[in-house]
Amino acid sequence: MGYTIKEAAKLLNLTPATLRYYDKEGLLPFIERKNSGYRIFSEGDIMMLRVIECLKKTGMSLKEIRQFSKWCQEGDASLNERYQMFLDRKKVVEQQMAELQKTLDLINHKCWYYEIAIKAGTEKIHFKPNSDSLPCEP
């Protein structure tokens, strides 16, 4: 089954303009076109676009994604390159997750801090004894 650009965009929660941009940037060299020039997206194209969106979320540049797309077209000859690329992306995402966990930890601490302060009616409950200033450490 083939999807129009509008249908594909809706499936992927993207805009048709985004898909046109990806095509213009060389990320979609595999997309078929009708004689009229309209793009037709296959199920495989939709899956590839999902991978492209995933890679973008990891912070991968369009240049790097374009290279990945070229490797995909090469087939088995580029299996090692694609595997290494995903191992690298995995490390990046693990680092992002670790940073986000630190952020979440601080937010959770602050939620606890304010919950206790609200229950006590003052944040002075968190003051160190014999101190007029708030604790600096989370």
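I'd like the residue in the stretch 6-34 that is open to solvent by 20 Å² or more (accessible area, probe 1.4 Å) and either of a type in the set (Gly, Ala, Ser) or in contact (Cβ under 8 Å) with a residue 40 or more places away in the chain (or both) and, out of all such residues, is nearest to ASP45 (Cα to Cα).
Selected residue: PHE30.
Go through (1) in contact (Cβ under 8 Å) with a residue 12 or more places away in the chain; (2) part of a helix (DSSP H, G or I) one by one and return the number of the condition GLY59 breaks.
(2)
Only residues in the stretch 113-127 that are surrounded by fewer than 11 Cβ atoms within 10 Å (Cβ to Cβ) count as the first member; pair them with residues that are assigned to a helix (DSSP H, G or I), Cβ under 8 angstrom, at least 6 apart or cross-chain, and list the lot.
The qualifying pairs do not exist here.
Applying the selection to the stretch 35-50, what residues are of a type outside the set (D, E, K, R), open to solvent by 30 Å² or more (accessible area, probe 1.4 Å) and in contact with a helix residue (DSSP H, G or I) (Cβ under 8 Å, 6 or more places away or on another chain)?
Selection gives TYR38 alone.
Could you tell me which of the residues GLN101, GLN96, GLN67, GLN73 is closer than 30 Å to GLY2 by Cα, part of a helix (DSSP H, G or I) and either at pLDDT 95 or above or open to solvent by less than 50 Å² (accessible area, probe 1.4 Å) (or both)? Outline the logic, then answer.
Values: GLN101 fails: closer than 30 Å to GLY2 by Cα; GLN96 fails: closer than 30 Å to GLY2 by Cα; GLN73 fails: either at pLDDT 95 or above or open to solvent by less than 50 Å² (accessible area, probe 1.4 Å) (or both).
Result: GLN67 is the single residue among GLN101, GLN96, GLN67, GLN73 that is closer than 30 Å to GLY2 by Cα, part of a helix (DSSP H, G or I) and either at pLDDT 95 or above or open to solvent by less than 50 Å² (accessible area, probe 1.4 Å) (or both).
Checking GLN84 against (1) open to solvent by less than 80 Å² (accessible area, probe 1.4 Å); (2) modelled with pLDDT of 95 or more; (3) not charged (D, E, K, R), which test does it fail?
Every condition holds for GLN84 apart from (1).
The values are calculated or read from the model by the stated rules, or taken from the named source; none is laboratory data. This one's a predicted model, so the numbers in the text were calculated from it and none came from an experiment. Every residue, glycine as well, gets a Cβ built from its backbone with ideal geometry; the counts of neighbours run over all protein chains shown. Side chains included, ligands, DNA and RNA excluded: accessible areas come from the protein's heavy atoms. Shrake-Rupley method; radii C 1.70, N 1.55, O 1.52, S 1.80 Å.
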